[in-house]
Each structure stands twice: as C-alpha cells, then as structure tokens.
Amino acid sequence: MGKFKELKPCPFCGGQAVIISATRRDVYDMLQDGKFKMGYIEMFMARCSICGASSDYSRSLEKVAALWNARASRVIEEKANIARRIREEMADILMRLDEIARCEE
C-alpha cells in the first residue's frame with residue numbers, strides 16, 4: 001500500500017471520518033480461459049462517525065481516502081458558493097430597501 005492521507009472532516013456535519021474495512025467473498029480475478037477466480041478480498045470505505053455519510057467501497061485504501069477528500073472539498077466549495085450568492089442577494093435587497101426608504105422621505 002502507498003502512503004495513506006488523512007481524511008478531511010465530513011462535508012455535511014463536520015464529523016470525523018473513519019475508514020471501515022470489510023472482507024467479502026467476491027470475484028477478484030478472471031483467468032485466461034474466461035473462468036472467474038473467487039476468493040476473499042478486503043474492501044474499504046470512509047464513513048462519518050456522526051451522520052453516517054459514506055464513500056463507495058474500494059479495494060484501495062488510498063483511493064477511498066482520495067474519493068472522500070475530493071467529495072469533502074467539492075461540498076465545501078459548493079457551500080462557499082451558496083454563501084457567496086446569499087451575501088450578494090442580501091446586499092442587493094438592502095440596497096433596494098435603502099432606495100425605497102429614500103423615496104418615502
């Protein structure tokens with residue numbers, strides 16, 4: 001395994017994310033004759049310890065961490081964009097209210 005990166009906080013609630021490991025019987029290889037080789041494989045997923053938000057399963061711990069962290073970054077960026085739009089709309093509303101107040105004087 002490569003170097004594991006620390007998980008970012010949950011993008012939905014800010015909770016601590018943890019890695020969950022599960023072993024399951026699954027197809028893990030296809031042989032040259034077209035038959036499948038069955039066996040037990042270890043799968044990983046990231047999950048928030050508070051709200052339960054989770055990533056997809058993957059056989060790679062590094063991939064799970066990268067998927068979780070990318071999702072966290074994307075959601076945080078979306079929240080920042082929403083907050084920026086709200087601030088812009090509120091500034092516009094306050095400007096209109098100020099214009100209305102000046103007209104009534």
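Backbone amide hydrogens, once placed in the peptide plane, bring MET43 within less than 5 Å of ALA22, THR23, ARG24, excluding anything fewer than 5 places away on its chain. Whole-Hz Karplus values for the range 62-70 come out as 5, 5, 4, 4, 5, 5, 4, 5, 5 Hz, taken residue by residue from phi with 6.51 cos²θ - 1.76 cosθ + 1.60 and θ = phi - 60°; glycine and proline positions read x.
Throughout, read-outs are computed from the coordinates displayed, never taken from laboratory work. For clarity, every value in this text was computed on a predicted model and none was experimentally measured.
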